[in-house]
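Throughout, read-outs are computed from the coordinates displayed, never taken from laboratory work. Computed from a prediction, not measured in an experiment: that's the story for all the values here. FYI the Cβ positions are ideal-geometry reconstructions off the backbone, even for glycines, and counts take in every protein chain you see.
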2 protein chains.
Amino acid sequence: MILNNTKIILASASPRRKELLEGLGIDFEVIPSNVDESFSSELNPKLVPEYLAELKANSLKALYPDSTIISADTIVLTGNEILNKPANKNEAIEMLQKLSGKMHLVITGVCILVNETKYLFSDTTEVYFKVLDKNEIEYYVEKFKPYDKAGAYGVQEWIGYIAVEKIIGSFYNVMGLPVNKVYEILNSIK
Amino acid sequence: MILNNTKIILASASPRRKELLEGLGIDFEVIPSNVDESFSSELNPKLVPEYLAELKANSLKALYPDSTIISADTIVLTGNEILNKPANKNEAIEMLQKLSGKMHLVITGVCILVNETKYLFSDTTEVYFKVLDKNEIEYYVEKFKPYDKAGAYGVQEWIGYIAVEKIIGSFYNVMGLPVNKVYEILNSIK
């Protein structure tokens with residue numbers, strides 16, 4: 001998979017995304033975007049990840065017009081409520097209480113800018129959590145400090161091991177990047 | 001999660017299982033069993049993982065009667081055919097061709113022996129593969145040499161990144177251990 005020697009930039013500070021993109025075996029550079037991630041409350045929550053991914057990609061494209069840009073944004077959606085990154089311990093505990101015993105959606109929006117083409121899509125995974133007890137939630141938040149994670153959990157951490165009973169969709173999408181779809185697009189570009 | 005100071009033995013040589021059990025945060029020792037893993041061709045394929053897991057656990061229990069034993073066996077089932085570990089490159093390529101473009105089942109049987117109680121169960125995950133082309137299969141087999149893996153693939157490797165479009169069930173079960181169920185049992189033992 002060689003993109004005509006174009007430099008590829010991953011516009012994300014997430015170590016999970018870096019790891020996932022590395023797993024595809026491509027060379028790239030990490031340059032996180034610095035955009036304001038606010039969005040209109042009138043936007044349909046399911047469209048937020050694509051909206052933010054596009055915003056991030058565009059900001060990098062302005063700086064590196066000759067590069068291929070890959071950006072992504074992941075949200076956790078329970079009912080119609082988006083759970084962002086928790087600001088503190090109490091918020092993290094509250095979020096996990098909301099996810100306990102229920103199904104939620106993890107949606108990752110991806111934007112790939114290559115030459116004059118924009119690929120913008122999202123992928124949705126259903127995640128089913130068992131009922132978490134108070135001790136499990138507090139142990140996790142205390143020990144893993146999930147303040148950089150949407151919905152206050154990492155599926156690849158202890159909480160993902162004990163809480164997730166079932167998923168429907170892509171596991172790697174829950175980690176932050178639907179790698180199979182990214183591969184398919186990069187592979188189609190010759 | 002403290003099992004009354006009983007020593008826990010993981011009866012498996014799989015580095016994935018070791019990693020997954022470590023993720024639960026429990027202390028254990030790895031002592032692979034050395035049993036003959038053959039089974040009657042008349043056995044329903046879906047029952048094979050439990051049968052082999054029990055065999056492995058019993059062989060360790062005979063040697064370490066005072067320990068808690070955890071064993072597991074994972075199979076890949078396409079239609080009614082079990083795909084074992086491939087013996088060579090050609091077998092690996094054939095297996096991946098069989099999985100290409102289809103859904104298969106990954107079934108992990110688990111046996112936990114603690115005190116006088118036997119917990120024997122299995123977990124099934126549906127895995128949906130995209131159509132793989134010849135180059136992708138050969139690249140993977142050549143580079144990753146999946147000879148220690150049932151069905152000739154590791155879901156946490158390159159092939160898992162590019163091929164898996166969807167799963168229904170537990171991801172960690174596909175890696176070799178349904179950690180959420182193991183946690184539930186260990187946690188219920190006080």
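Points to keep in mind about this one:
- Cross-link pairs exceeding 19 Å in C-alpha to C-alpha distance, out of B:K89/B:K130; B:K102/B:K166; B:K118/B:K149, comprise B:K89/B:K130; B:K118/B:K149.
- Mean silhouette area of segment A:27-133, derived from the convex hull of its C-alpha atoms and averaged over all directions, reads 8.3 nm².
- One Cα centroid belongs to segment B:71-95, the other to segment A:23-67; the line between them spans 40 Å.
- Residue by residue along B:157-167, Cβ atoms of other protein chains within 10 Å of the local Cβ number 6 on average.
- For segment B:153-190, no residue has its backbone nitrogen under 11 Å from a point 7 Å from the Cα of B:A13, taken along Cα to Cβ.
- Segment B:98-190: C-alpha gyration tensor shape, a/c 1.5 cut-off, then a/b vs b/c: prolate
- Legend: mean number of C-beta atoms from other chains within 10 angstrom of residue C-beta atoms, peptide B:94-106, equals 0.
- Debye log10 I(q)/I(0) at q = 0.09, 0.11 Å⁻¹ for the protein assembly as shown, Cα point scatterers: -0.56, -0.83
- Relative contact order of chain B, pairs being alpha-carbon contacts under 8 Å that are 6 or more residues apart, as %: 23 percent
- ³J(HN,Hα) computed for each position of segment A:170-177 - Karplus, 6.51 cos²θ - 1.76 cosθ + 1.60, integer Hz, glycine/proline x: 8, 5, 5, 4, 5, 6, x, 7
- About its Cα centre, segment A:60-190 has a charge dipole of approximately 80 debye under the convention of +1 per Lys or Arg Cβ and -1 per Asp or Glu Cβ, with nothing else charged.
- Residues in segment A:30-43 carry Karplus couplings, in order, of 9, 9, x, 7, 10, 7, 6, 8, 7, 8, 5, 5, 8, 5 Hz; the curve used is 6.51 cos²θ - 1.76 cosθ + 1.60 with θ = phi - 60°, and Gly or Pro positions show x.
- Computed 3J(HN,Hα) for segment B:100-113, one whole-Hz value per residue from the Karplus formula 6.51 cos²θ - 1.76 cosθ + 1.60 where θ = phi - 60°, is 4, x, 9, 8, 10, 9, 10, 10, 10, x, 10, 10, 10, 10, glycine and proline marked x.
- For the options B:I26, B:I159, B:I70, a Gaussian network treatment of chain B with springs between C-alpha atoms closer than 10 Å singles out B:I26 as fluctuating the most.
- Here the Gaussian network model covers chain B, with springs between Cα atoms less than 10 Å apart; of B:G79, B:G176, B:G109, B:G79 fluctuates the most.
- Simple rule: put +1 on each Lys or Arg Cβ and -1 on each Asp or Glu Cβ in segment B:8-188, find the dipole, and look at B:F28, B:G169, B:I159; the Cα lying farthest toward the positive end is B:I159.
- Exposure proxy order (Cβ contacts within 10 Å, fewest to most) of B:S170, B:S71: B:S170, B:S71
- Space enclosed by the convex hull of the alpha-carbon atoms of chain A, per residue, Å³: 111 Å³
- Approximating the spin labels as points 7 Å out from Cα along Cα→Cβ, the B:K102-to-A:I168 distance works out to 2.4 nm.
- Helix content alone sets the calculated 222 nm mean residue ellipticity of the protein assembly as shown: runs of n ≥ 4 DSSP H residues at -39500 (n - 2.57) each, divided across all residues, give -10500 deg cm²/dmol.
- GNM flexibility winner over chain A from A:P146, A:P178, A:P49 (Cα, springs under 10 Å): A:P146
- In segment A:1-145, a dipole from Cβ-located charges (positive for Lys and Arg, negative for Asp and Glu) runs towards its positive end, and of A:Y139, A:P15, A:F121 it is A:Y139 whose Cα lies farthest in that direction.
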